[in-house]
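Chemist: One structure, as structure tokens, below. Some questions next.
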Amino acid sequence: MLIGIVGKPNVGKSTFYSAATLAPAEIADYPFTTIKPNKGVAYLRTRCPHLDLGHKCNPRNSACENGVRLVPVELLDVAGLVPDAWQGKGLGNQFLDDLRQADALIHVVDSSGSTNSEGVPVPAHSHDPMVDVWFLEKEIDHWIKGIMDKGWEKSARQAHLEGEKIEELIYTKLTGLSVSIGHIHAAIREASLPESVVAWKDEDLMRLSATIRKHSKPMTLALNKADIAEDATLQRMTKTEGYLSLPTCAQSELALRRAAKGGLIDYLPGDVEFKMRDASKLNPAQKKGLEYIQTHVMGKFKGTGVQQCLENAAYNMLDLIPVYPVEDEHRWTDKQGNVLPDTHLVKRGATARDLAYKIHTDLGDNFIRAMNCRTQRVVGHDYVLQPSDVITIITKK
């Protein structure tokens, strides 16, 4: 799974990325600091099943800290987007091309209103951040439409004459954008299009592109710099219909994670508080910074919002759940004796056979049945997986 970190220049995208991954990224207070995309790994939290088993786990593709399983996901921090990027303005063409494989987007917004549409610093609260939300979605819509537009009339007429399903035509045109047939089916149902494809006009394609974007690139809003934003702005944006929005302080998260790594505080991503280990080891600037974070971020928002945005994207927008395939249904181990070695994220509603295919094609092809290790009951290929299921796949010998 790949989550794209998007937004206009100079809003804190690279800070958000660095805070989520602790990977180095160039951070500065001017537009277009990020030229080439940064790619790294962040982690989603979930309760580890080893707490129910009573034996410590041995993760291979993830990690476990104090009973919290940390499931890896890929993050992509791309260049900032400015109005008319779809026409090549700024670094628009590169930005949009980098987003092709993203399954979901986190739109980092300067909720303090201290940068204009181009990402240039302006007085705080002088720019409406909702404008940035609307323009970014418009840019992605135009980008998708531009890809569909190429040879559209000829392709549409041919599909109509030959009886080809329009969903297949659109799917072919959008190959490489992580757009599925299911996304296209849903978009066509919702877009209120003329019955005949040859009657579709430019505005119909624009409306369809917007609906495809909503389904294939679901977006959550990280209301960054929330600690200096106006409360009325945050309330308005978090209550805007159609958006999942969270107050976010990426700079604070980055500071906390670095302090934790340096042994100055006890803190795990997503915690609602942190604890100082030894205040005598802090210099005055560090102490002042942590006190600010405690009062203006943790005390006010119950967290920095960075980890919550990641989990919002994965668990709510993409509707993923963690499951744990094992070889031994009694000890919950693989062949090497590792307890709960792997975590897989699957779409809610996925079946036992879907999990088998996700692990390896041969497992799916030779699937006979599965075992729910928690209940010790045999389940069939159509068993719908539940969050944190521990499953043994049984195949033909």
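Each value in this text was obtained by applying a stated rule to the coordinates, not by laboratory testing. None of the values given here were measured: they were computed from a predicted structure. Note that we place each Cβ from the backbone using ideal geometry, even for glycine, and neighbour counts take in every protein chain shown.
Chemist: Anyone know which of Lys56, Lys281, Lys13 comes out most mobile in the 10 Å Cα GNM of the chain?
Modeler: Lys281
Chemist: So, one more: Given an 8 Å cut-off on Cα distances and at least 6 residues of separation, report the relative contact order of segment 321-395 as a percent.
Modeler: Rounded, it is 38 percent for segment 321-395.
Chemist: Which entries of Lys225/Lys261; Lys261/Lys347; Lys150/Lys214; Lys165/Lys214 show an alpha-carbon separation above 27 angstrom in the structure shown? List each step's numbers first, then the result.
Modeler: Details: Lys225/Lys261 23 Å; Lys261/Lys347 33 Å; Lys150/Lys214 21 Å; Lys165/Lys214 22 Å.
Result: Lys261/Lys347 exceed 27 Å.
Chemist: Hey, what D do you get for the chain in µm²/s if you plug the Kirkwood alpha-carbon radius into Stokes-Einstein at 4 °C and 1.567 mPa s? Don't skip to the answer; put the middle values down first.
Modeler: On the way: Rh = 23.1 Å.
In µm²/s, the coefficient rounds to 56.
Chemist: Of the DSSP beta bridges with both residues in the chain, give the percent that are antiparallel, rounding to the nearest 5.
Modeler: Among the beta bridges of the chain, antiparallel pairing accounts for roughly 60 percent.
Chemist: What are the extents of the Cα atoms of segment 283-397 along their three principal axes, in Å, largest first?
Modeler: Result, largest extent first: 66, 31, 25 Å.
Chemist: Based on Cβ point charges of +1 for Lys and Arg and -1 for Asp and Glu, what charge dipole magnitude is obtained for the chain about its Cα centre, in debye rounded to the nearest 20?
Modeler: My answer is approximately 1000 debye.
Chemist: Moving on to the next point. With springs only between Cα atoms under 10 Å, which of Asn66, Asn116, Asn38 fluctuates most in a Gaussian network model of the chain?
Modeler: Taking springs between Cα atoms under 10 Å, the residue moving most is Asn66.
Chemist: With an 8 Å Cα cut-off and a minimum separation of 6 or more residues, compute the relative contact order for the chain in percent.
Modeler: 16 percent
Chemist: Same structure, new question: Where nothing but the Cβ of Lys and Arg (+1) and of Asp and Glu (-1) is charged, how large is the charge dipole of segment 321-395 around its Cα centre, in debye to the nearest 20?
Modeler: Dipole size: approximately 240 debye.
Chemist: Taking amide H positions as placed 1.01 Å from N in the peptide plane, with prolines and chain starts having none, which residues 5 or more places from Val326, or on another chain, fall under 5 Å of its amide H?
Modeler: Under 5 Å from the amide H of Val326 lie the amide H atoms of Ile391, Thr392, Ile393, each far enough along the sequence or on another chain.
Chemist: How high is the FRET efficiency between Val41 and Arg236 when r is their beta carbon distance and R₀ equals 51 Å, given to the nearest 0.05?
Modeler: The value I calculate is 0.90.
Chemist: Can you list the HN-Hα couplings for segment 314-326, worked out from phi with the Karplus curve (6.51, -1.76, 1.60; θ = phi - 60°), rounded to whole Hz and with x for Gly and Pro?
Modeler: Computed from phi, the couplings for segment 314-326 are 7, 7, 9, 6, 8, 6, 8, 10, x, 9, 10, x, 9 Hz.
Chemist: Between rounded, prolate and oblate, where does segment 272-331 land on the alpha carbon gyration tensor, with a ≥ b ≥ c its root eigenvalues, rounded for a/c under 1.5, else prolate if a/b exceeds b/c?
Modeler: Here segment 272-331 falls in the oblate category.
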